[in-house]
Structure formats: structure tokens, C-alpha cells
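These notes are about the structure you will find just below.
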Amino acid sequence: MTHDAKTALHKARQHLALAGSPSAARDASALMDKVQGDAPPWTPLSDVQMAQLDGYIQRRARREPISHIVGKRAFWMHDFEVSPDVLDPRPETETLVDVARQQPFDTVLDLGTGSGCILLSLLYEHRDARGLGVDLSAAALDVARRNAQIVGVSDRVTWRVSDWFGDVGTRFDLIVSNPPYIAEDEMPGLAPELGFEPRMALTDGADGLTNYRILTRDAPRHLRHGGRLMVEIGATQAAPVTALFQKAGFQQITVHPDLDGRDRVISGVFSPQTDSF
Ligand SMILES: C[S@@+](CC[C@H](N)C(=O)[O-])C[C@H]1O[C@@H](n2cnc3c(N)ncnc32)[C@H](O)[C@@H]1O
């Protein structure tokens, strides 16, 4: 028996909208694409495909992120593998890639690399650069390693389990990071989808600024003369994180907006005349 694809898609949209999905139409199309693979659009679904689609819809109705169900997320120029071991790459994080790629660098360190989406996109843009990606999660680095193959930069990237700079031990032209920055008391109000992501990728369990204190304090010991630190921030964190950059001696401190006009990235240059260098 076969099932009409348009009817199935329509029912999927309705089901997801009723379940409260904020992107029901887009989600239903993505799940249909996953079931149909390379088949021409609107090819009737077999019983097996229909059962698969129903299963995916049930998972999405429980608000599991669509990227976990389809196993990938489009970010910058590639489709990245995504699993429950890594943060689902967010569109606003492309702001960090966009700002960082405009700087000259031969070496780049990504702290809390997760899926590797930031580091790998930067290595894709800078074809002669080399990078180190670190994360406290070994499982995340396994995903990042596979993503390096997808992007085609495996020969220029190294991965290491490290508690921030703990096992880094050298200097870089550029340091980037999107650290966990959600404050503990904001966690209960978040969208249900975030409950499927690693807690250690989301929050510092405190005021949201703990990791910026560590990164700004320790980055100068890992930057070359004139090197840059660039971090993603939450939309309300520009003032306190700017103060941390100032305290650590960074210069040319700049707040960069995302495409929605919200403060999203802070960058600073660590210059040679700074005392603590
Ligand atoms: C917000 S996620 C960012 C992931 C990825 N860079 C992105 O932008 O999609 C933060 C990452 O920091 C990692 N992390 C958390 N605490 C860490 C620590 N103490 N040292 C290194 N990485 C850590 C988490 O495992 C997670 O992968």
C-alpha cells in the first residue's frame, strides 16, 4: 500500500502545530525530506516510510530538536553532523564566524568547540590556516572529528580534551569561543528543545559570566603579539563582558551585532605593550 505524500505532509504540519512546534511547516518538510531521501518530490510513501514519518513526527512533537532527528544542521557553508552530545549550531553563531574570518590568522584556537562548527568554518575560509579545537567533552570531539571530514579540513585541525586552556600550552593568532553563557536562573524558562542538549553546553550553573572570566583572564598567555580574542555573548552581556576584556588589558574592544541587531560578539586585541603580556 502507498500513501499520498501531500496528505501526509499536511497532517504532519497540523500535528506539529498542535504540539506547539514554533516551526511546524518547516519541520514537517524536513522530516518528509529525510523519509523520501533522493526520491522525486511527492513520490507516494510506502508503509515503511509512513511508519518512519510517524515516528519522526512523534519525536518532534515531544520537542526533540529537528537537527537531532535528521542528524544534521546547516551552518555557514556546510551541513554539520549533530547529535545529543553537541550543541545544535545556532544561526547567530555565524556572526562570530563572519567577524573572525575577516581577520588575518595562521593559527586559531576554538575553546568549547562542540560540533566544531566555528573552527571548521574558519579553516574552510582560511585555506592555509591551522586550528586546535578543545572541549571538555570527548564525545563532542568525536562529532567534531567527523565534521572535519565533511568540511574537508581534517589535515589542518587537531582536537584535544581540555578544561578551557588547561591542556592548550601554546600561542595563537586568534582565539574564538562560544562558551556556555546562560545563567542558571534563566534555565527553567527556556524552550523545551534545549532540554535535549548537553547541559554543560548551555549554562555555567551560575551567573552566565563564569567562563568569560576564565577566558579573558587566561587568553593573554595564549595569544601572539597583536592576537585577537573573540567570543559570542548573550544579548544582555555586552557591558559585563566588555569590562572583563578591559580588566584583562585588551584593546580595540568592539561589540558586533548579529543580523537581528542584538549584541552578539565581543572582540579585542592583545597588544605587546600590555603589561601582563
Ligand atoms: C555553547 S557550546 C558551543 C559549541 C560550539 N562551539 C557552537 O558554537 O555551536 C559550549 C561548549 O563548551 C564546552 N565546554 C563546557 N565547559 C567547558 C570547559 N570547562 N572546558 C572546555 N569546554 C567546555 C561544552 O561541552 C560545549 O561544547
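The values are calculated or read from the model by the stated rules, or taken from the named source; none is laboratory data. All figures in this text were calculated on a predicted structure; none of them were measured in a lab. Cβ sites come from the backbone with ideal geometry, for glycine too, and all protein chains shown count toward neighbours. Surface areas here come from the heavy atoms of the whole protein model, side chains and all, with no ligands, DNA or RNA. Shrake-Rupley method; radii C 1.70, N 1.55, O 1.52, S 1.80 Å.
Restricting to the range 179-195, count the residues that are open to solvent by 30 Å² or more (accessible area, probe 1.4 Å) and either assigned to a loop (DSSP other than H, G, I, E, B) or over 19 Å from Tyr212 (Cα atoms) (or both). Looking only at that region, the number is 8. Pairing residues of the range 180-191 that are of a type outside the set (Phe, Trp, Tyr) with residues that are more than 14 Å from the ligand (Cβ to nearest atom) and not in a strand (DSSP E or B), at Cβ distances under 6 Å and at least 6 apart in sequence or on separate chains, gives Ala183/Asp207. Filtering the range 152-196 to residues that are away from the ligand (no atom under 11 Å from the Cβ) and of a type in the set (Val, Ile, Thr) leaves Val153, Val157, Thr158, Thr170, Ile175.
Screening the candidates Thr170, Thr203, Thr242 for the property of being surrounded by fewer than 16 Cβ atoms within 10 Å (Cβ to Cβ) and among the β-branched types (Val, Ile, Thr) yields one hit, Thr170. Counting the residues of the range 207-238 that are more than 14 Å from the ligand (Cβ to nearest atom) and in contact with a strand residue (DSSP E or B) (Cβ under 9 Å, 6 or more places away or on another chain) gives 12. Exactly one residue among Asp38, Asp54 is farther than 15 Å from Pro192 by Cβ and at pLDDT below 95, and that residue is Asp38.
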